[in-house]
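The values are calculated or read from the model by the stated rules, or taken from the named source; none is laboratory data. None of these values were measured; they are calculated from a predicted model. Cβ sites come from the backbone with ideal geometry, for glycine too, and all protein chains shown count toward neighbours. With ligands, DNA and RNA removed, areas are computed over all heavy atoms of the protein, side chains included. Shrake-Rupley method; radii C 1.70, N 1.55, O 1.52, S 1.80 Å.
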Amino acid sequence: MTPLRLACLGLLGLLPISAFADAAPLDLTALIECRQSVGDYNAVAPVVADPLKAVANGLQPLPQSNQFMTEFRLAAPITVFGERAEYITVAGASIMAILDLADPRPLAKRLALEDGVDTPEKFMAGRELVSRDVTDPRTGEALIESVILSLSTVKSHPGKTLAGCTYSLDLPAEEDTPAPGAAPTAMPGVNPPPAGH
């Protein structure tokens, strides 16, 4: 057991049980398999940012081997997409299992993913599972909730496949052209007044 994990476990013993009672444990399998929502994924960030919360959720923080990914060893292995996983990674809006699969193509085919990149150096495939209009309850702003299942290889993890889900809220695409029949907007000093005025 690493000194960091021992220290975290020791500190956990000093905390009252109520310190973690208000937060439901993360359902890692459901999150990785895209069976959750953006709201559910929002619970991940505070857990992975705090080593005590990570350990309380069965995640042992690991040294970063890739500057874009935060990695964890699971206290107990999980099964995702029919594959055993002992390690996961979180990167921004994505949570992925690190699978012992040198060739991701058979799994990508089984999951009906669309190839994005397929070269000897890099493989990426994905499929959007959810795209729906939502309203931000705080601001009333219209947003699009997106849930994307993906597989990829990464140079820092040879012989492995990253498999998981990206959860995001995006602004709708803006229309560059005015709606049919809309009057042009006059800008002071730019548009001359109509003739006869």
Descending accessible area (1.4 Å probe), largest on the left, turns THR153, THR70, THR139 into THR139, THR70, THR153
With θ set to phi - 60°, apply the Karplus curve 6.51 cos²θ - 1.76 cosθ + 1.60 along segment 102-113 and write out the HN-Hα couplings as whole Hz, x wherever there is a Gly or Pro.
6, 10, x, 4, x, 5, 4, 5, 5, 8, 6, 8
What is the magnitude of the charge dipole of segment 45-138 about its Cα centre, with +1 placed on the Cβ of each Lys and Arg, -1 on the Cβ of each Asp and Glu, and no other charges, expressed in debye to the nearest 20?
220
Translational D in µm²/s for segment 109-157 (Stokes-Einstein at 25 °C, 0.890 mPa s, Kirkwood Rh from C-alpha pairs):
189
Filtered hits (aspartates and glutamates, Cα-Cα < 18 Å from LYS53, offset >= 8 within chain) -> ASP22, ASP27, ASP40, GLU71
With a sphere of radius 10 Å drawn around the Cβ of ILE144, what net charge do the other residues whose Cβ falls strictly inside it have (Lys, Arg +1; Asp, Glu -1)?
-2
When all C-alpha to C-alpha distances in segment 27-83 are sorted into bins of 5 Å, what percent of pairs does each bin hold, rounded to whole numbers?
4, 17, 25, 26, 23, 5
